[in-house]
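Single-structure report; data block below.
The values are calculated or read from the model by the stated rules, or taken from the named source; none is laboratory data. Fair warning: this is a prediction, and the values are worked out from it, not measured in the lab. We place every Cβ from the backbone using ideal geometry, glycine too, and count neighbours over all the protein chains shown. Each accessible area value is taken on the protein alone, full model and side chains, heavy atoms only, with ligands, DNA and RNA left out. Shrake-Rupley method; radii C 1.70, N 1.55, O 1.52, S 1.80 Å.
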Amino acid sequence: MALTNTSAINTTMRAVVWQGNAYNVAVVDLPRPTIINQTDVIVRMSRAAICGSDLHIYRGTTDGMPAPFGLGHEGFGYVSDVGSGVGSLKIGDPVIVPFTVDEGHLHTGLTTGLYGAFGNGGNLGGTQAEYLRVPFGDNGLIPVPTLNYTDPNTNDSVSLLNDYVMLSDIFGTGWTSLDYARFEAGDTVAVFGAGPVGLMTAYSAILRGASTVYSVDYIPERLQLAKSIGALPINFRDVDPVEHILALEPNGVTRSIDAVGYEQVNRNLTVQSDVIIRNMLAVTSTGGGLGTVGVYTQESNNTSTAPRASTVNTHVDFSLAQFFYGEFSWGAGPSKPIELAPELLHLVTSGKARPGFIVSDIINIEEAPEAYARFERHDATKFIIAFD
């Protein structure tokens, strides 16, 4: 038997949906999710973000669930309904929704479900909706201890809601990219990409004691944000990033990070999926580490699920001799936001980290289609959809 919030009367909700047409999303009415399994939790969304990974879907290059499906995998909200098998959460609790779907006792070690994107996530919908069903809620959500931080210097109360949304995905992803590269305090770091994940990577490196962080991109506003947190910006349309970094670091940087993925562009702004790995190999010092958290999807000709998937090329040729004699290590993959939650939550609630600094626009859900178009044009750094 499920505990139900009896104040909820409306059986529909507004949601952002991808319907299978490239460069087009819609806001539609969908049935409000309900408890299906005893371990389910229904979350009333308060904040949801638009992620760079959502743009892969928006462009029609990600081969995932057949359309239509709800979008979004970053968010914060409040527990609305709980199943009878949920023991650690109650109605009204504030929670972060991590992008990974907990598998209960299955624990395959694989990321088989992401809200609003792949696998069973397509059946769950996305966070860019007024409500979301979360399976195995006890382990699939991150409870938060407080909604505000009080600045000890000014005694001002600061909302942490936008910061919490970053813990759904990109703050942990940026943090994890450094782990993949075997980062240690004092290292020099080159971060390729200054989108939300790249900015979070640079921010994490600075928080963790990097001696120098280089941020490589071509969008002036992003590079200005990177500079504002202490990174050295490099516009790859103005200078060759490899030559520029090696002029400052003749032996190369200790760590390099790919924070873009398969739709990266070259100096002519043409998609070329091997630009970053070649630059990383060229600028990383002997014995250094490389980390990849930018998404690489499978190549596919399945136009029914991704009309532009055939444009994807994720096969890259590079010299194994260069890799061998460079004595490199290379780690890649997604992050694990639930495992990172204790450390990153402490940084946020103590005021030591404010990852919400990258949020440029807060919108309502009806503005989502235009927000996607603006995000695609790089007219904004990070969109938050506010439901309350």
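Worth a mention:
- Scanning the range 243-262 for residues that are out of contact with any Gly (no Cβ under 6 Å at 6 or more places or on another chain), of a type in the set (A, V, I, L, M) and crowded, with 21+ Cβ neighbours inside 10 Å returns 245, 253.
- Here the strands (runs of 3 or more DSSP E) wholly within the range 119-184 that include at least 1 residues being under 22 Å from residue 68 (Cβ atoms), open to solvent by less than 30 Å² (accessible area, probe 1.4 Å) and of a type outside the set (D, E, K, R) are 131-134.
- Pair list, Cβ < 6 Å and 6+ apart or interchain, from the range 18-34 residues that are under 12 Å from residue 59 (Cβ atoms) to residues that are open to solvent by 60 Å² or more (accessible area, probe 1.4 Å): 22/308
- Residues of the range 8-30 satisfying the condition of being touching a strand residue (DSSP E or B) at 6+ places or on another chain (Cβ under 7 Å), open to solvent by 60 Å² or more (accessible area, probe 1.4 Å) and not in a strand (DSSP E or B): 11, 19
- Residue ID - farthest from residue 55 (Cα to Cα), chosen from residues in the range 266-281 that are aliphatic (A, V, I, L, M) and open to solvent by 40 Å² or more (accessible area, probe 1.4 Å): 269
- Selection within the range 348-379 - open to solvent by 30 Å² or more (accessible area, probe 1.4 Å), in a helix (DSSP H, G or I) and of a type in the set (A, V, I, L, M, F, W, C): 357
- Residues in the range 201-215 that are part of a loop (DSSP other than H, G, I, E, B) and surrounded by fewer than 24 Cβ atoms within 10 Å (Cβ to Cβ): 208, 209, 211.
- Every residue from the range 31-45 that is in contact with a helix residue (DSSP H, G or I) (Cβ under 7 Å, 6 or more places away or on another chain) and open to solvent by 40 Å² or more (accessible area, probe 1.4 Å): 39
- Tally, over the range 46-101, of residues that are open to solvent by 30 Å² or more (accessible area, probe 1.4 Å), in a loop (DSSP other than H, G, I, E, B) and touching a helix residue (DSSP H, G or I) at 6+ places or on another chain (Cβ under 7 Å): 4
- Selection of the range 301-342 for residues being acidic (Asp, Glu) and touching a residue at least 40 places away in the same chain (Cβ under 8 Å) yields 317, 327.
- Which listed residue is part of a strand (DSSP E or B), in contact with a Phe, Trp or Tyr (Cβ under 8 Å, 6 or more places away or on another chain) and not assigned by the TED database to the domain that holds residue 147, from 234, 245: 234
- Set side by side, the residues 230, 198 differ, and just one is open to solvent by 10 Å² or more (accessible area, probe 1.4 Å) and not aromatic (Phe, Trp, Tyr), which is 230.
- Among the residues of the range 289-334, those that are open to solvent by less than 80 Å² (accessible area, probe 1.4 Å), closer than 28 Å to residue 24 by Cα and hydroxyl-bearing (Ser, Thr, Tyr) comprise 297, 300, 305, 310, 314.
Quick grid of which residues meet (1) in contact (Cβ under 8 Å) with a residue 24 or more places away in the chain; (2) touching a Ser or Thr at 6+ places or on another chain (Cβ under 8 Å):
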{"residue": "182", "(1), (2)": "yes, yes"}
{"residue": "213", "(1), (2)": "yes, yes"}
{"residue": "219", "(1), (2)": "yes, no"}
{"residue": "222", "(1), (2)": "yes, yes"}
{"residue": "243", "(1), (2)": "no, no"}
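- Taking the range 216-227 as the range and being of a type in the set (A, V, I, L, M, F, W, C) and open to solvent by 30 Å² or more (accessible area, probe 1.4 Å) as the test, only 225 passes.
- Residue 279 of a type outside the set (A, V, I, L, M, F, W, C), touching a residue at least 24 places away in the same chain (Cβ under 8 Å) and part of a helix (DSSP H, G or I): yes
- Only one of the listed residues (301, 268) is over 23 Å from residue 21 (Cα atoms) and either in a helix (DSSP H, G or I) or not basic (Lys, Arg) (or both). That residue is 268.
- Boolean, residue 341 is within 14 Å of residue 169 (Cα to Cα), open to solvent by less than 60 Å² (accessible area, probe 1.4 Å) and out of contact with any Phe, Trp or Tyr (no Cβ under 8 Å at 6 or more places or on another chain): yes
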